[in-house]
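Enquirer: Before I ask anything, let me first share the structure, which is written out below as structure tokens.
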Amino acid sequence: MPTILMTGGSGFIGRHFCREADKLGWSMIVLSRNVNSAKDLLPNSTELISSLDEISSDRKIDTVINLAGEPLAEKRWTESRKKHFYSSRSGLTDGLYKFFSHRKSAPDSLISGSAIGYYGPGSEPMDESSSGKSGFSHSLCANWESSALQFEKLGTRVCLVRTGIVLGENGALAKMLPPFKWGLGGPIGDGLQFMSWIHIHDMVELLKYCVSNTDLKGAVNATAPSPVTNREFTQILATVIRRPAFLPMPAFMVKLLFGEMGLELLLQGQQVIPKKVIDQGFEFKFPQLQPALSDLIHKSSENPKKS
Ligand SMILES: NC(=O)c1ccc[n+]([C@@H]2O[C@H](COP(=O)([O-])OP(=O)(O)OC[C@H]3O[C@@H](n4cnc5c(N)ncnc54)[C@H](OP(=O)(O)O)[C@@H]3O)[C@@H](O)[C@H]2O)c1
């Protein structure tokens with residue numbers, strides 16, 4: 001059974017991963033800034049630490065899963081928030097590297113977060129071999145990835161998980177649903193921008209696949225194989241919750257309300273294909289959007305408090 005050190009384990013994706021690891025009997029150590037509140041969110045078997053120095057020098061860490069990062073979609077991007085986006089990702093990853101470079105043994109693998117924002121905007125299909133276009137999201141992801149790649153100097157296998165929009169009972173879907181439920185949903189801008197999404201179940205399975213499949217390294221796209229345009233997403237969501245979705249949010253309003261964040265995360269998109277895991281035989285439980293949304297929305301209406 002692997003021993004896994006996780007950063008960002010108290011977050012949306014991390015919590016789901018820790019629950020699954022608990023079922024599998026994997027040993028999880030979660031680094032958190034707030035151990036007391038993280039304790040309430042994670043299984044009892046999870047060991048919580050507030051500093052890497054709490055890990056004894058002779059304890060072997062097999063894998064590091066590195067997901068910590070200041071949330072990007074909460075509010076407008078100011079210069080000071082942008083600095084936090086960098087320091088909470090690249091800065092924390094540099095700290096992990098420094099810690100492991102002074103230990104007797106390095107982890108066998110590092111599964112490190114990144115995002116499809118790496119690719120920049122584009123409607124053409126992109127896979128792991130596509131190069132990134134400039135923009136804040138690209139720079140942030142590229143910087144985070146190069147911090148993670150330092151671990152290769154320690155002989156560690158590094159996977160850079162370029163994550164799409166993760167759909168779960170929390171996360172992006174929870175933010176999208178309220179206007180739709182009130183019949184106030186609709187496409188954003190012209191609705192032609194792509195949304196590369198992934199169901200939280202498949203996200204967790206894909207992280208587990210990265211842990212176990214030692215052939216996998218480098219960039220790994222974590223998106224379902226069937227990205228949709230924002231217009232298609234809107235129509236499918238409206239069908240699943242049986243509400244109309246006629247009210248578009250014009251591009252100028254998105255820019256006015258959300259500035260650069262609205263432009264990069266809402267008005268621009270990318271059509272990302274998870275070629276590497278498809279080629280390796282990974283099977284998605286939810287390759288199509290409609291069953292993915294039906295599963296989540298019906299689950300949350302059966303159990304509204306589940307996070
Ligand atoms: N969810 C998505 O759709 C999505 C898509 C693409 C990429 N990603 C990336 O994947 C990672 C995990 O996503 P998520 O949705 O699970 O994120 P999340 O729910 O926002 O959780 C991120 C975790 O990072 C830690 N964190 C937050 N701000 C921090 C800061 N300033 N310094 C250090 N640690 C901080 C927190 O842990 P503690 O409070 O316990 O320290 C938090 O639980 C993030 O880096 C995110 O950007 C997510």
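The values are calculated or read from the model by the stated rules, or taken from the named source; none is laboratory data. Small disclaimer: the values here were computed from a predicted structure and weren't measured. Cβ atoms come from the backbone with ideal geometry, glycine included; neighbour counts cover every protein chain shown. Keep in mind that these areas ignore ligands, DNA and RNA; they rest on the heavy atoms of the full protein, side chains included. Shrake-Rupley method; radii C 1.70, N 1.55, O 1.52, S 1.80 Å.
Enquirer: Name the residue, out of 76, 81, that is open to solvent by less than 70 Å² (accessible area, probe 1.4 Å), among the charged types (D, E, K, R) and on the phi < 0 side of the Ramachandran plot.
Expert: 81
Enquirer: Right, another one. Restricting to segment 162-178, name every residue that is surrounded by fewer than 24 Cβ atoms within 10 Å (Cβ to Cβ), within 6 Å of the ligand (Cβ to nearest atom) and at pLDDT 90 or above.
Expert: 165, 166
Enquirer: Does residue 219 satisfy the condition of being of a type in the set (A, V, I, L, M), touching an Asp or Glu at 6+ places or on another chain (Cβ under 8 Å) and within 16 Å of the ligand (Cβ to nearest atom)?
Expert: yes
Enquirer: I would also like to ask the following. Check 183, 189, 113 and return the single one that is open to solvent by less than 30 Å² (accessible area, probe 1.4 Å) and within 13 Å of the ligand (Cβ to nearest atom).
Expert: It is 113.
Enquirer: Additional query: Within segment 226-240, does at least one residue satisfy the condition of being under 16 Å from the mean Cα position of the chain (by Cα) and of a type outside the set (A, V, I, L, M, F, W, C)?
Expert: Yes.
Enquirer: On to the next question. Residues of segment 38-51 being within 11 Å of the ligand (Cβ to nearest atom) and either within 19 Å of residue 114 (Cα to Cα) or in contact with a Cys (Cβ under 6 Å, 6 or more places away or on another chain) (or both), which ones?
Expert: Of everything in segment 38-51, just one residue is within 11 Å of the ligand (Cβ to nearest atom) and either within 19 Å of residue 114 (Cα to Cα) or in contact with a Cys (Cβ under 6 Å, 6 or more places away or on another chain) (or both), namely 42.
Enquirer: Please verify whether segment 46-63 includes one or more residues that are open to solvent by 70 Å² or more (accessible area, probe 1.4 Å), touching a Gly at 6+ places or on another chain (Cβ under 7 Å), charged (D, E, K, R) and touching a residue at least 12 places away in the same chain (Cβ under 8 Å).
Expert: No, because not a single residue in segment 46-63 is open to solvent by 70 Å² or more (accessible area, probe 1.4 Å), touching a Gly at 6+ places or on another chain (Cβ under 7 Å), charged (D, E, K, R) and touching a residue at least 12 places away in the same chain (Cβ under 8 Å).
Enquirer: Please determine, by comparing only the residues of segment 64-73 that are in contact with a Gly (Cβ under 9 Å, 6 or more places away or on another chain) and more than 8 Å from the ligand (Cβ to nearest atom), which one is nearest to residue 136 (Cα to Cα).
Expert: Residue satisfying both the conditions and the ranking: 66.
Enquirer: Mind checking which residues of segment 1-37 are within 15 Å of the ligand (Cβ to nearest atom), free of Cβ contacts under 8 Å to residues at least 40 places away in the same chain and either part of a strand (DSSP E or B) or surrounded by fewer than 22 Cβ atoms within 10 Å (Cβ to Cβ) (or both)?
Expert: Listed by number, the residues that qualify are 19, 28, 29, 30, 31, 33, 34, 35, 36, 37.
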